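Report on the structure given below.
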Amino acid sequence: MSDTPSALPAPTSARRTFALAFTFSGRATRTELASYILSAILLTLAASFAAALLTEYQTRALVSDVLTVLLAIPVPALLVRRLHDQDRTGKLAWLAAFSFTVWLVRMILSYTTAMDVRIGLDRMIWPIDWLVILANLGAVILAILPGTPGPNRFGPDPRQRSA
């Protein structure tokens, strides 16, 4: 699939986010971000509901965690393109990567160690949770700020507005 606009789904489509899952150049609109978030929420609700009806707790937890990891795959590129839309560097997307990494480490520990080990770790590293909250807040604020009208150094305006 080429990166030409005619080969990609509409900018309002969550499919576009998956199609550009590893594309860190260009720009993404708030609508694309909102579309992806809404699609991810609906998919998660449907999968969680089905898992709750059909499986026991441990399987439901595993389904939820695997789905979270799969749905997180296109997020770094989407955040970078969203930042590019604001004429900002994509390096700020590391705010979200930090939060996801903390969650991922805790998830892996919960599957591979005893509960008392995880509780002991949580007691030691709880201040990191405050950093995660601040990083998430910063990432959300950056994601919802409006983009720059007209072309910028990262490409043409995806909304086709003139400056």
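Computed from the coordinates by the stated procedures, all read-outs in this text should not be read as laboratory data. Keep in mind the model is a prediction, meaning the values are calculated, not measured. Neighbour counts run over all protein chains shown; Cβ positions are idealised from the backbone, glycine included.
Within region 80-91, take every residue that is assigned to a helix (DSSP H, G or I) and not charged (D, E, K, R) and give me the one that is farthest from Asp157 (Cα to Cα). Looking at residues that are assigned to a helix (DSSP H, G or I) and not charged (D, E, K, R), I get Gly90. The single condition among (1) of a type outside the set (Phe, Trp, Tyr); (2) assigned to a loop (DSSP other than H, G, I, E, B); (3) under 13 Å from the mean Cα position of the chain (by Cα) that Thr17 does not meet is (2).
Applying the set (1) exposed (fewer than 14 other Cβ atoms within 10 Å of the Cβ); (2) more than 18 Å from Arg30 (Cβ to Cβ); (3) in contact (Cβ under 8 Å) with a residue 40 or more places away in the chain to Thr89 leaves exactly one unmet item: (3). Which of the residues that make up region 23-79 are without any contact (Cβ under 8 Å) to a residue 60 or more places away in the chain and outside any helix (DSSP H, G or I)? Result: Thr23, Thr55, Glu56, Ile73, Pro74.
Of all residues in region 108-163, those satisfying the criterion of being more than 24 Å from the chain's Cα centre (by Cα), surrounded by fewer than 12 Cβ atoms within 10 Å (Cβ to Cβ) and part of a helix (DSSP H, G or I) are Thr112, Met115, Asp116, Ile119, Arg123, Met124. On the basis of being of a type in the set (Phe, Trp, Tyr) and out of contact with any Ser or Thr (no Cβ under 6 Å at 6 or more places or on another chain), does Tyr36 make the cut? It is false that Tyr36 is of a type in the set (Phe, Trp, Tyr) and out of contact with any Ser or Thr (no Cβ under 6 Å at 6 or more places or on another chain).
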